[in-house]
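Visitor: Here it is: the structure, laid out below.
The values are calculated or read from the model by the stated rules, or taken from the named source; none is laboratory data. Fair warning: this is a prediction, and the values are worked out from it, not measured in the lab. Cβ: placed from backbone, ideal geometry, glycine included. Neighbour counts: every protein chain shown.
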Amino acid sequence: MPTTDETPVLDKAYIAVGCESVDRDTAIKAAADMLAARGLVDDTYGAAMLKREETVSTYMGNGVALPHG
């Protein structure tokens, strides 16, 4: 059954494209800092994202990753 909820799953304002990063941890920290600056997460979120990467990588290939805590 189709849904009538038109709330976007991902807001374009929170998607970073064309970023350059030296390494995985720097990229994850930059993503966490962006979200924290917008008041969407607290200061512990970056550490949670890095811990998550220890379990399973969120790297999709071709320079695309979907890190999350």
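Visitor: Out of the range 32-68, which residues are surrounded by 14 or more Cβ atoms within 10 Å (Cβ to Cβ), aliphatic (A, V, I, L, M) and under 13 Å from Tyr14 (Cα atoms)?
Guide: Ala32, Met34, Leu35, Ala36, Val41
Visitor: Same structure, new question: Can you report the number of residues in the range 13-68 which are of a type in the set (A, V, I, L, M, F, W, C), modelled with pLDDT under 85 and not in a helix (DSSP H, G or I)?
Guide: Initial filter on the range 13-68 (of a type in the set (A, V, I, L, M, F, W, C)): 13, 15-17, 19, 22, 27-28, 30-32, 34-37, 40-41, 47-50, 56, 60, 64-66.
Subsequent filtering for residues that are modelled with pLDDT under 85 retains 13, 15-17, 19, 22, 64-66.
Now narrow it down to the ones that are not in a helix (DSSP H, G or I): 15-17, 19, 22, 64-66.
Looking only at that region, the number is 8.
Visitor: Can you find a residue that is modelled with pLDDT of 90 or more and loosely packed, with under 15 Cβ neighbours inside 10 Å anywhere in the range 4-12?
Guide: Narrowing the range 4-12 to residues modelled with pLDDT of 90 or more: none.
No, every residue in the range 4-12 fails to be modelled with pLDDT of 90 or more and loosely packed, with under 15 Cβ neighbours inside 10 Å.
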